[in-house]
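Down below is the structure, laid out as C-alpha cells.
The values are calculated or read from the model by the stated rules, or taken from the named source; none is laboratory data. These numbers come from a predicted model, not from an experiment. No Cβ is skipped: glycine too gets one built from the backbone with ideal geometry, and neighbour counts run over all protein chains shown.
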Amino acid sequence: MRKYFIISMMCLSMSLSAQTDFLQFINSVDWNSTENDFVTKYSSQVTPRNHYYSDYNKTKTDFEVAGIVLGDKECTASVFVDSASLKLESLSFSFGKVEKSENALEDAIKFSNEMDNLLIPLFGEPDKRKDELDSKYVNSLDRTWYKDNYLIEVRYMIFSDSHLYSLSVKGIENKGADFRVAKWGDSKKIVMQKEGKTDLSTIDNLYLFSDFVAGISCDVAYIFTNDKLTMAKYLFNPTHSNKNDFIKDFRELVNLMTEKYGKPDYNAPEWRNSLYKDDPDDYGFAVSLGHLSYSAGWLGETTGITVALYGENYKISLIIQYVSKKYEGLREKTNIQSKIKDL
C-alpha cells in the first residue's frame, strides 16, 4: 500500500521562534513513520493544534510543526495520520482564512512569482505547471516537482476578491522500478541493457519485444520522449473463438493488478451503443464492434495505470498502460511541437 505524506505550508512573516530550513526538514522526514515516531523525532518543534478530521481522506490531525523557513517566509506544517492505524498519512496545512485583496489576480501573480523564485532554485523547473488565468470564477497557478522520495505540489486558487496558496510535499514509496526493470526517465539504451531482449521496433522512441504476462502472449512496449522513458504498455495477443473470453482475460488481469496495487480507483464498462446490452452472451461481440469497452485504473502518485479492453471493426484490443506523472508535461509539449511541425 502506497504511503505518502503531505506537508502544506502557511507563509507568514519571519518570527524570532526556533527555525528549521525547509529543505533540510523535508529531507529529514521518515516517510514511513507513525504519528508517535514523528512527534518524538520533532518533539522540540511539535505542538498540539485543534483537532481536525477529514472525512474525505479518513485522516485526522492533532499536531503541527512551526518555524520552518523557506527563504524569507516562515511556514507551519500540520501532521495528518490515518484515523484507524495512526500511520502518518499526510501533513496538511489549513490557512486561518482566505486572504482578502482588492486586486486578487495581480497580488496572486506577484506572490506566485516570489514563491517560484524560492522553489525553483531548490528543485529546478516544475515537472508540471498550470497557469490558468482566464476563468470568470476561479483561476489557478499550480506547480508539481517529482523527486526520488517525495513530490512537491503547489495549488494556488485565485478568486475574484481573494486568493489561497497551498504548498505541499508528499512522500513517495521507493519501489525500485516503475515498470518491469525500468524507472521513469531511463534512456532507451539503459532500458535495453536492463531487459536484454532484441528490439523488434525500427522506431527511435520505441523499444518493443514479445513476452508472456499472466500466461497470455503479449508485446512489451517501452515508449520514450526525448530519450526518457515516459510510458509503457503490455499489448496482449490472446486468441479466442468465443469473444466473451476476452472479457474473462480483462477481469483476470484486473484481479491480478488489484492484488498488487489494491482496489482500482475506477472499474466500469462503458456502452457507446446499447444494441447488445440485454444479451450478455454477445458482450464480447459488442466489444469487437466498439459498442462496449471496459477499463480499470489506479491513480498513483508517480504512475497512472490502466487496464483496458476495447474494439473496432471486429478486432479486440487488450492492454495494460503505465504512464509517468512526472513526464506528462514533457509528453504534451513534445506532442504539440510535433503537430506544429506538421502544419
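Which condition number does Leu275 fail, the rest of (1) surrounded by 17 or more Cβ atoms within 10 Å (Cβ to Cβ); (2) more than 29 Å from Tyr327 (Cα to Cα); (3) among the aliphatic types (A, V, I, L, M) being met? Condition (1) is where Leu275 drops out.
Residues in the stretch 174-207 that are of a type in the set (Asp, Glu) and farther than 15 Å from Lys326 by Cβ were compared, and the one that is surrounded by the fewest Cβ atoms within 10 Å (Cβ to Cβ) is Asp204.
Note on the stretch 286-307: among residues that are in a strand (DSSP E or B) and free of Cβ contacts under 8 Å to residues at least 24 places away in the same chain, the one that is farthest from the chain's Cα centre (by Cα) is Leu292.
Quick check: anything in the stretch 223-232 β-branched (Val, Ile, Thr), surrounded by 14 or more Cβ atoms within 10 Å (Cβ to Cβ) and over 15 Å from Thr303 (Cα atoms)? Looking for residues that are β-branched (Val, Ile, Thr), surrounded by 14 or more Cβ atoms within 10 Å (Cβ to Cβ) and over 15 Å from Thr303 (Cα atoms), one finds at least one in the stretch 223-232, hence yes.
Among the conditions (1) at pLDDT below 90; (2) surrounded by 19 or more Cβ atoms within 10 Å (Cβ to Cβ), Gln337 misses just one, which is (2). Of all the listed residues (Asp227, Asp279), the sole one being free of Cβ contacts under 8 Å to residues at least 12 places away in the same chain and farther than 22 Å from Thr306 by Cα is Asp279. Within the stretch 77-92, being among the hydroxyl-bearing types (Ser, Thr, Tyr) and buried (at least 20 other Cβ atoms within 10 Å of the Cβ) holds for Ser78, Ser90, Ser92.
Only one of Ala296, Ala268 is among the hydrophobic types (A, V, I, L, M, F, W, C) and surrounded by fewer than 16 Cβ atoms within 10 Å (Cβ to Cβ). Can you tell me which? Reasoning before the result, please.
Numbers: Ala296 fails: surrounded by fewer than 16 Cβ atoms within 10 Å (Cβ to Cβ).
None of the others qualify; the one that does is Ala268.
Taking the stretch 127-139, which residues are in a strand (DSSP E or B) and under 17 Å from Glu332 (Cβ atoms)?
Lys128, Arg129, Lys130, Asp131, Glu132
If the condition is being in contact with a Lys or Arg (Cβ under 7 Å, 6 or more places away or on another chain) and closer than 25 Å to Ile120 by Cα, then the stretch 172-186 contributes Glu173, Trp184, Gly185. Counting only residues that are of a type in the set (D, E, K, R), closer than 30 Å to Asp211 by Cα and either touching a helix residue (DSSP H, G or I) at 6+ places or on another chain (Cβ under 6 Å) or at pLDDT 90 or above (or both), the stretch 135-194 holds 7 of them.
Note on the stretch 187-205: residues that are in a loop (DSSP other than H, G, I, E, B) and either in contact with a Lys or Arg (Cβ under 9 Å, 6 or more places away or on another chain) or of a type in the set (Asp, Glu) (or both) total 4.
The set of residues from the stretch 45-65 being surrounded by 10 or more Cβ atoms within 10 Å (Cβ to Cβ) and not in a strand (DSSP E or B) comprises Gln45, Asn57, Lys58. Applying the criterion of being of a type in the set (Asp, Glu) and in contact (Cβ under 8 Å) with a residue 24 or more places away in the chain to the residues of the stretch 122-149, the residue that is nearest to Ile26 (Cα to Cα) is Asp148.
Do we find a residue being farther than 30 Å from Thr76 by Cβ and of a type outside the set (D, E, K, R) anywhere in the stretch 169-177? So that I can check it myself, show each step before the final result.
Restricting attention to the stretch 169-177, the residues satisfying the condition of being farther than 30 Å from Thr76 by Cβ are 175-177.
This time we only want the ones that are of a type outside the set (D, E, K, R), so: 176-177.
Yes - at least one qualifying residue is present in the stretch 169-177.
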